[in-house]
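Accompanying notes for the structure given below.
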Amino acid sequence: MRAVGIERFGDTPELRKVPEPEPGPGQLRVAVEAAATNPLDLAIASGALAEAGAYRFPLTLGMDGAGTVTAVGAGVTGFRVGERVFGQFWSSPFQFGTFADVCVVQEAPALGALAAVPDELPSHLAAALPTAAMTALGVIEQAQLPAGGTLVVIGATGGVGTFAVQAAAARGLRVVATASTASGGRADRLRELGADTVLAGGGQPLDQALRDLAPDGVDAVLDAVGDRALAGSAAGAVRDGGALISIAFGLDERAQADQRIRAANYRLDRKPELLAQVAQLAAAGTLRPVIGAEVPLEDTPRALTGAVPFTGGLRGKVVVRVG
């Protein structure tokens, strides 16, 4: 079968032919229909997350995906052959990811989460949901915004950002979205997703723009960019007791030590619970992935490095069409 992976940490991911894996006890074999890329994939390939889990080589990359169960190992009770599943396929040890025709995953992935695909949802959309949508929901919950509060999403055009805008708007929150530019219809697309205000780069400093919008301070900021100067600027516009949460390690120790606000670099946890919420919101049409690019499996190495063109104005998610 085809698979995109590495022989050792530090290798450049490449497409290769590998034997089709068989499920062991407590595992599922899934015919992958679609997958999606995440920064997590290159972090694993580089070895940056070597201590975060156990790995076996040769390693097929790919955390997010959707497909159909074709076989189950002994002891599996939660899924059946023929059922469509999606999620973050992070088993431990991790060896068979979603950038392949077939993958093998634990019924309850040790470091991920797996769920049935809502009937209404095509596989290419389901594959784009797990990591980014779970992260968006998790940050909003951790931020503990009051009813009708204001959430600022720095980097709203990416995967997590587009989900955060939708999820926050669905909760009745006021959403301020930032984008590097307003060209390519970005501002209009973000408003369609639920943003009340869109701030584009090149204007006044972010902290001043936010103070003009909310003189008493915004309730929370989600940083999806990782620019420490930008996150630091936004911190000054957060009200006392508000939250500044970065999903891109945009907060240094000094920022995290700020006692005036709740500042933290976010770590995704409670994945099964969050994936169940994602499935419900997707089934209801409340969350819909923004697909910035779709590529065949053989173009996955290029997609991982961002070397594919985006369409539609927003980066959103890159989906890999597999089978």
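The values are calculated or read from the model by the stated rules, or taken from the named source; none is laboratory data. Since the model is a prediction, treat every value here as computed from it, not as a measurement. Neighbour counts are summed over all protein chains in view; Cβ atoms, including those assigned to glycine, are modelled from backbone coordinates with ideal geometry.
Within the set G161, G236, G194, the sole residue that is farther than 27 Å from Q280 by Cβ and of a type outside the set (S, T, Y) turns out to be G236.
T131 meets all of the listed conditions (1) of a type in the set (S, T, Y); (2) farther than 30 Å from S92 by Cα; (3) at pLDDT 95 or above but one, namely (2). Counting only strands (runs of 3 or more DSSP E) that sit wholly inside the stretch 171-288, those with at least 1 residues that are at positive phi are 238-246.
Against the numbered list (1) at pLDDT 95 or above; (2) within 24 Å of P146 (Cα to Cα); (3) surrounded by 16 or more Cβ atoms within 10 Å (Cβ to Cβ), G172 comes up short only at (3).
One residue stands out among those in the stretch 11-21 that are over 23 Å from the mean Cα position of the chain (by Cα) and in a loop (DSSP other than H, G, I, E, B): the one that is nearest to L40 (Cα to Cα), which is D11. Note on the stretch 254-296: among residues that are within 19 Å of A220 (Cα to Cα) and free of Cβ contacts under 8 Å to residues at least 12 places away in the same chain, the one that is surrounded by the fewest Cβ atoms within 10 Å (Cβ to Cβ) is Q259. Inside the stretch 289-323, residues that are part of a helix (DSSP H, G or I) and under 22 Å from A31 (Cα atoms) make up a count of 7. Selection within the stretch 297-319: residues that are within 23 Å of R191 (Cα to Cα) and basic (K, R). The member of this set that is surrounded by the most Cβ atoms within 10 Å (Cβ to Cβ) is K317.
Yes/no per residue for (1) under 22 Å from the mean Cα position of the chain (by Cα); (2) at pLDDT 95 or above; (3) of a type outside the set (S, T, N, Q):
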| site | (1), (2), (3) |
| --- | --- |
| G203 | no, no, yes |
| P215 | no, yes, yes |
| A220 | yes, yes, yes |
| G232 | no, no, yes |
| G242 | no, yes, yes |
| V278 | yes, yes, yes |
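Screening the stretch 74-96 for residues that are of a type in the set (A, V, I, L, M, F, W, C) and part of a loop (DSSP other than H, G, I, E, B) and picking the one that is surrounded by the most Cβ atoms within 10 Å (Cβ to Cβ) gives F89.
Contact annotation: residue pairs with Cβ atoms under 9 Å, 6 or more positions apart or on different chains, pairing a residue in the stretch 103-117 that is in the same structural domain as G75 (by TED's automatic domain parsing) and part of a loop (DSSP other than H, G, I, E, B) with a partner that is among the hydrophobic types (A, V, I, L, M, F, W, C) and modelled with pLDDT under 95, are L111/A52.
The single condition among (1) under 30 Å from D207 (Cα atoms); (2) touching a residue at least 60 places away in the same chain (Cβ under 8 Å) that A100 does not meet is (1).
Quick check on the stretch 203-216. Is at least one of its residues of a type outside the set (A, V, I, L, M, F, W, C) and either in contact with a Ser or Thr (Cβ under 7 Å, 6 or more places away or on another chain) or not assigned by TED's automatic domain parsing to the domain that holds T157 (or both)? Within the stretch 203-216, one or more residues are of a type outside the set (A, V, I, L, M, F, W, C) and either in contact with a Ser or Thr (Cβ under 7 Å, 6 or more places away or on another chain) or not assigned by TED's automatic domain parsing to the domain that holds T157 (or both).
Quick grid of which residues meet (1) in contact with a strand residue (DSSP E or B) (Cβ under 8 Å, 6 or more places away or on another chain); (2) within 24 Å of M134 (Cα to Cα); (3) outside the structural domain of A303 (by TED's automatic domain parsing):
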{"position": "P23", "(1), (2), (3)": "yes, no, no"}
{"position": "L28", "(1), (2), (3)": "yes, yes, no"}
{"position": "E33", "(1), (2), (3)": "yes, yes, no"}
{"position": "P39", "(1), (2), (3)": "no, yes, no"}
{"position": "G47", "(1), (2), (3)": "no, yes, no"}
{"position": "F79", "(1), (2), (3)": "yes, yes, no"}
{"position": "Q88", "(1), (2), (3)": "yes, yes, no"}
{"position": "S91", "(1), (2), (3)": "yes, yes, no"}
{"position": "D101", "(1), (2), (3)": "yes, no, no"}
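When A133, A156 are checked against the criterion of being in contact (Cβ under 8 Å) with a residue 12 or more places away in the chain and part of a loop (DSSP other than H, G, I, E, B), A156 stands alone in meeting it.
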